[in-house]
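Worksheet: one structure, shown below.
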Amino acid sequence: MTLDDIKSVLRKSGLEIKLEERLPNETGSQLRLRNGAIVNYFDKGTFSIQGVNKKIVEQALGSGASESATGASTLYPNNKVFVVYGHDAVAKAELEAMLRRWGLDPIILDQLPSEGTTLIEKLENYSFNVGFSVVLATPDDEAYPKGKEDQKAFRARQNVVLELGMLLTHLGRSKVAILLKDQEIMERPSDIQGLIYIPFKNDLAKEAGLLLAKEMAAQGYNIDVKRI
């Protein structure tokens, strides 16, 4: 399916295209629709759908999966993994090294150009064609209910919680794993049921690697068990 094919189907389905522009990394084009949905078309012939009302667009285009120009179906066009992190530089470096050892491509925001965009816009731009996210929740902040200092607890930074919520909306619960450091003293960043929490204390790779690899393999990532 070509970009022109997609635009034709959208118009015939009554889905108005509000804006068309090239993707930030020049790998394809992005169509923003009036109903809030977004279609990302990649020059290699695949596409992905995100944003609100994406189910309507999936039905119009015939599939929730990306479709290649030859008719083959694939979930995502690459091995990218979005990484969210706080202030624990050691844990972040361990996670990045582990993912690269598995042959994956971690997307880390502070290593990418902002191009004048806000944090939220930057996250939206770089997470559109990612099939899984790993959220590193470390005890960076302390907080307690007003007037109840005796209930003080450690928690992840607010930017981590914000990005977690955005990625849950974009990818779904099964495609977001939260690596929770020192869970005995940590306040979990969300009380949403069904989230994937993987605890660890000192050695991220040894304590959390196998469980994370299993979750990612279940979502279609090809991870060599010899590298775990």
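The values are calculated or read from the model by the stated rules, or taken from the named source; none is laboratory data. The structure displayed is predicted, hence computed values, not measured ones. Positions of Cβ are backbone-derived with ideal geometry, glycine not excepted, and every protein chain shown enters the neighbour counts. All accessible areas refer to the heavy atoms of the entire protein, side chains included, with ligands and DNA or RNA removed. Shrake-Rupley method; radii C 1.70, N 1.55, O 1.52, S 1.80 Å.
Using the alpha-carbon positions of segment 1-60, Rg (one decimal) and Dmax (whole number) come out as 10.4, 29 Å. Per-residue ellipticity at 222 nm from helix content only, as computed over the chain with -39500 (n - 2.57) for each DSSP H run of at least four residues, stands at -9500 deg cm²/dmol. Extension gain, residue 43 to residue 93: 0.36 nm times the residue separation minus the Cα-Cα distance gives 14.8 nm. Restricting attention to the chain, close to 50% of DSSP beta bridges with both partner residues there are antiparallel. Taking the Cα centre of the chain as reference, the dipole from Cβ charges on Lys and Arg (+1) and Asp and Glu (-1) amounts to some 520 debye. Return the carbon/sulfur percentage of the accessible area of the chain, one whole number, probe 1.4 Å, all protein chains in place. Its accessible area is 49 percent carbon and sulfur atoms. Bridgeable aspartates and glutamates around residue 44 (alpha carbons under 17 Å apart, same-chain partners fewer than 8 residues away excluded): 4, 5, 21, 26, 67. Full extension of the chain between residue 174 and residue 214 gives 13.2 nm of extra length, using 0.36 nm per residue less the Cα-Cα distance. Residues in segment 75-160 average 48 Å² of solvent-accessible surface per residue, probe 1.4 Å, ligands and nucleic acids excluded. Distance between the modelled labels on residue 153 and residue 58, one decimal in nanometres: 3.3 nm (7 Å Cα→Cβ projection).
Working note: Debye formula, equal point scatterers on the alpha-carbon atoms of segment 100-228, no solvent; log10 I(q)/I(0) at q = 0.10, 0.15, 0.16 Å⁻¹ is -0.36, -0.79, -0.90. Here segment 1-68 is treated with +1 on each Lys and Arg Cβ and -1 on each Asp and Glu Cβ, and its dipole about the Cα centre works out to around 280 debye.
Its Cα gyration tensor gives the chain an equivalent ellipsoid. The semi-axes, each the square root of 5 times an eigenvalue, are 34, 21, 15 Å from largest down.
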